[in-house]
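**Student:** Below is the structure I would like to discuss, written out as structure tokens.
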Ligand SMILES: O=C(O)CCC(=O)C(=O)O
């Protein structure tokens, strides 16, 4: 693994390639990271298929503002994921999404839902949050396709921050107690970056099914 200190002593950039790295976080959080989980040609194919096949929409977030990105929602029949007061009802899995899901399940987890986020440019982003809804399983598999963006995590109490580069084919798996003790974000960037699509595979408890 290659760790490089950035501007603050609390920020680390992780850029490891080709192997699944296990990072033990404070208070029982676990983060698995492989910068190049998918070969480029396969990541290219998945990027085009997911961009062209999925039903993208822009939805309101908290305070009624539109979320600064597009989203799409797929999963097993009847699964709904509610966050920021908005219900996201899963559309039926596409063949591409099922193929990606099985690749990630071969590493860790078992998933019945996928939330997709599409960042059209550097102005699109995801603010600090944790996926800590009671119905959410603790293992979340997150695959990135397209432009490289920063994926940052921050400890809730001591504010320790780590930065991971999420590029074309990067897999990050969040596990352990990470959602209880850490938040994560994808910040805006002023750099000229292309589109990025992120897929987070999750297990939503059956009480949240319609
Ligand atoms: O785009 C990403 O890498 C993060 C997505 C995310 O935080 C989420 O779906 O909860």
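None of the figures in this text is laboratory data; all of them are computed from the coordinates on show. Every value quoted in this text rests on a predicted model; they were computed, and no experiment measured them. Heads up, the Cβs are rebuilt from the backbone with ideal geometry, glycines too, and the neighbour counts pull from every protein chain shown.
**Student:** Quick check on my filter: what residues within region 152-166 are within 11 Å of the ligand (Cβ to nearest atom) and either touching a helix residue (DSSP H, G or I) at 6+ places or on another chain (Cβ under 9 Å) or farther than 25 Å from residue 100 by Cβ (or both)?
**Tutor:** Selection gives 153 alone.
**Student:** Of everything in region 176-197, what is within 14 Å of the ligand (Cβ to nearest atom) and assigned to a strand (DSSP E or B)? Give them in sequence order.
**Tutor:** Passing the criteria: 182, 183, 184, 185, 186, 196, 197.
**Student:** Working only within region 135-157, note down all residues that are free of Cβ contacts under 8 Å to residues at least 40 places away in the same chain and over 26 Å from residue 168 (Cα atoms).
**Tutor:** From region 135-157, those free of Cβ contacts under 8 Å to residues at least 40 places away in the same chain are 150-152, 154, 156-157; that's our starting set.
Selection gives 156, 157.
**Student:** Give the residue, chosen from 107, 71, that is touching a strand residue (DSSP E or B) at 6+ places or on another chain (Cβ under 7 Å), touching a residue at least 40 places away in the same chain (Cβ under 8 Å) and surrounded by 14 or more Cβ atoms within 10 Å (Cβ to Cβ).
**Tutor:** 71
**Student:** Go through region 133-151 residue by residue and tally those that are crowded, with 19+ Cβ neighbours inside 10 Å, in a strand (DSSP E or B) and out of contact with any helix residue (DSSP H, G or I) (no Cβ under 8 Å at 6 or more places or on another chain).
**Tutor:** Final tally of qualifying residues: 4.
**Student:** Next question. Just one of (1) within 13 Å of the ligand (Cβ to nearest atom); (2) farther than 30 Å from residue 190 by Cβ; (3) surrounded by 20 or more Cβ atoms within 10 Å (Cβ to Cβ) trips up residue 100, so point out which.
**Tutor:** (1)
**Student:** When residues of region 15-56 are filtered for being on the phi > 0 side of the Ramachandran plot and either in contact (Cβ under 8 Å) with a residue 40 or more places away in the chain or not in a loop (DSSP other than H, G, I, E, B) (or both), how many remain? Lay out the reasoning, then the answer.
**Tutor:** Residues of region 15-56 that are on the phi > 0 side of the Ramachandran plot, as a first pass: 18, 27-28.
Then drop every residue that is not either in contact (Cβ under 8 Å) with a residue 40 or more places away in the chain or not in a loop (DSSP other than H, G, I, E, B) (or both), which leaves 27-28.
Number of matching residues: 2.
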